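*Asks:* Submitted below is the structure of interest, expressed as structure tokens.
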Amino acid sequence: MWERYGRRRQASGGIQARSRRGDFGETWWGRRWMETLESFGLDSRLARGRSYARAGQVLTLTLEPGLIRASVQGSAPRPYAIAMKLPQLPPVAWERVGAALAQEPGLAAQLLNGELPSEVEAVLARIGISLFPRNLHELSMDCRCPDYAIPCKHLAAVCCLLAEELDRDPFGLFLLRGKTRDALLEPLLGTAPPELSAPSEPLPTDPARFWHGLPASLPTLGPVEPPPLSAPVIRRLGPFPLWRVETPLFEALAPVLDAATRKLAEDA
């Protein structure tokens, strides 16, 4: 019973959690993932996993259609293999999802832009579909450790880091239900509002006429709001393989990018 009575072994090269204290999940969907698990009565179990997640004990974490695979270093010599499964939606359900989202051009445009507006959840709820598990029976969990509790601290650590992975890529939610990003967005192509997709006038061939017809002064723009998520581009890129500094790349660059964003918003 290595894990029950022994101390955990310090992992090397594990995934570094962005969260240092408090809850996991910065976006509405990352928080919703954690809130969903907590609603199943797993609060105390998840609390056990936070320290494991922040200590870098989770070595690998990958998402596949309907499946989460991970390896976690415990007190045993070899890391424990983790598998978590969510039921994949059948093709007829995905057809309803595509049709429902296509009827909302604004939401479709945001999805095509890599965003996940919270209104998507309500649209899917109207057709009886949820991206998140509805109950604990929908979420199958397996860990090779000797702890009989489900979730054990290893599974709980993976649940916490999954919230951060979903923060980075919200389309992971759709993948866990069986649909890749490209396959999800394909039916939405061409559903953007007409004013966004209408062809523009061809540029004049004579350079002297390039500025012809423009108004004397351009209209002023309204207030520019910074994005709701800190450093979204760096967050979407994920871990940088060549970064060898102790501080993660995201934490090193996020304050600089946020300051630049605020300055641009002030000067706009």
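*Asks:* Largest first and to the nearest Å, give the Cα extent of region 31-114 along each principal axis.
*Replies:* Between the extreme Cα coordinates on each principal axis of region 31-114 lie 52, 25, 23 Å.
*Asks:* Give me a comma-separated list of calculated 3J(HN,Hα) values for region 102-118, in order, Karplus coefficients 6.51, -1.76, 1.60 applied at θ = phi - 60°, integers in Hz, x for any Gly or Pro.
*Replies:* Values, residue by residue: 5, 7, 10, x, x, 5, 4, 5, 5, 4, 5, 8, x, 9, 10, x, 5 Hz.
*Asks:* To the nearest 10 Å², what's Val256's accessible area with a 1.4 Å probe?
*Replies:* 90 Å²
*Asks:* Within region 124-154, list the residues whose amide N lies under 17 Å from a label point set 7 Å along Cα→Cβ of Leu67.
*Replies:* Residues 139-144 fall inside that zone.
*Asks:* Could you name the lysines whose alpha carbon sits less than 16 Å from that of Lys179, not counting residues in the same chain fewer than 8 places away?
*Replies:* By straight Cα distance, Lys179 reaches Lys85.
*Asks:* Sticking with this one: Plugging the Kirkwood radius over Cα pairs into Stokes-Einstein for region 115-176, at a temperature of 20 °C and a viscosity of 1.002 mPa s, what D comes out in µm²/s?
*Replies:* 158 µm²/s
*Asks:* Within region 159-176, list the residues whose amide N lies under 12 Å from a label point set 7 Å along Cα→Cβ of Gln88.
*Replies:* Residues 175-176 fall inside that zone.
*Asks:* How much accessible area per residue does region 75-122 have, counting only protein heavy atoms and a probe of 1.4 Å, in square angstrom?
*Replies:* Counting only protein heavy atoms, the per-residue value for region 75-122 is 49 Å².
*Asks:* Send over the Kirkwood Rh of region 1-150, from the inverse of the averaged 1/r over different Cα pairs, rounded to one decimal Å.
*Replies:* Final number for the Kirkwood radius of region 1-150 is 17.6 Å.
The values are calculated or read from the model by the stated rules, or taken from the named source; none is laboratory data. Not measured: the values here are computed from a predicted model. Note that we place each Cβ from the backbone using ideal geometry, even for glycine, and neighbour counts take in every protein chain shown. Note: areas computed on protein heavy atoms with side chains; ligands, DNA, RNA excluded. Shrake-Rupley method; radii C 1.70, N 1.55, O 1.52, S 1.80 Å.
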